1. Based on the Cβ-Cβ distance of E167 and Q18, what FRET efficiency does E = 1/(1 + (r/R0)^6) give at R0 = 35 Å, to the nearest 0.05?
2. For the stretch 2-120, what is the largest minus smallest coordinate of the Cα atoms on each principal axis, given in angstrom and ordered from greatest to least?
3. Quantify how much of the Cα-Cα distance distribution of the stretch 126-220 extends past 15 Å, in percent.
4. Would you mind telling me the antiparallel percentage of the DSSP bridges in the chain, rounded to 5?
5. Evaluate the charge dipole of the chain about its Cα centre and quote only its size in Debye, nearest 20, assuming +1 on the Cβ of each Lys and Arg and -1 on the Cβ of each Asp and Glu.
6. Between K56 and K101, what FRET efficiency follows from the Cβ-Cβ distance if R0 is 22 Å, with the result rounded to 0.05?
7. Quick one: net charge around A110, please, counting Lys, Arg +1 and Asp, Glu -1 for every other residue with C-beta under 11 Å from its C-beta.
8. Most exposed first by the Cβ proxy, i.e. fewest other Cβ within 10 Å, how do R164, R205 rank?
Amino acid sequence: MRILVIEDEKHIADFIRQGLKEEGYAVDVAYEGEKGYFLAGTETYDLILLDLMIPKIDGVTLCRNLRRDKIETPIIMLTAKHSVNDKVRGLESGANDYLTKPFAFKELLARIRVLLRQGAGKSVTVLQAGDLTVDVLGHKVTRVGKEIFLTTKEFFLLEYLLRRANEVVTRTAISEHVWDINFDTTTNVIDVHINALRRKIDAGREPPLIQTIRGRGYTIRI
């Protein structure tokens with residue numbers, strides 16, 4: 001899951017980014033509205049955390065602009081404003097939820113999971129490739145009925161490959177969706193995770209599901 005944080009208070013933005021990364025999310029950050037609007041319109045995100053009071057384009061205007069542009073990514077507004085009118089204004093601009101500062105990170109995570117779960121309800125939540133089954137909501141992976149335990153990052157990588165089954169998925173696409181926009185593509189982190197998945201998913205089993213397309217990327221054939 002990939003999340004965009006649009007927050008001008010750097011210490012808050014960095015705290016949220018670090019916390020979300022520890023939970024396994026890929027996170028991009030914009031410290032002002034114009035950059036946030038650009039990223040939200042050019043990259044694919046599963047959720048946006050949007051501060052109300054940001055420079056260049058304020059949160060309400062940015063939210064309205066995204067909805068005008070038919071970008072339906074779930075949005076949680078973050079703000080220090082507590083009045084009912086401010087909350088109504090934020091929700092009426094197109095936000096899905098509203099969280100006032102200061103907030104407990106645990107509550108933010110809970111609200112994120114609720115929105116992502118609602119969004120998942122509009123798409124396939126159980127993915128299959130042969131005898132491999134992935135329960136997206138339950139974060140459970142089985143092959144031939146035997147449960148396979150993956151790290152959070154391995155799970156998101158497998159889900160991403162399965163949702164694009166029979167397509168060649170490039171390293172760039174993987175790095176942007178499973179990690180974040182600042183991922184160093186010169187590292188071998190993707191190869192390490194692919195190899196770990198192969199050991200857990202394919203070792204001793206036929207046919208092998210994860211295939212390397214030399215010079216292009218990876219695929220799972222169904």
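Readers should treat all values here as calculations from the given coordinates under stated rules, not as data from a laboratory. Worth saying up front: this structure is predicted, and the values here are computed from it rather than measured. In this analysis, Cβ positions are derived from the backbone assuming ideal geometry, glycine residues included, and neighbour counts consider all displayed protein chains.
1. 0.60
2. 32, 31, 29
3. 58 percent
4. Bridges in the chain that DSSP calls antiparallel: roughly 50 percent.
5. Dipole of the chain, to the nearest 20 debye: 580 debye.
6. FRET efficiency, K56 to K101: 0.60.
7. +2
8. Starting with the residue having the fewest Cβ neighbours, the order is R205, R164.
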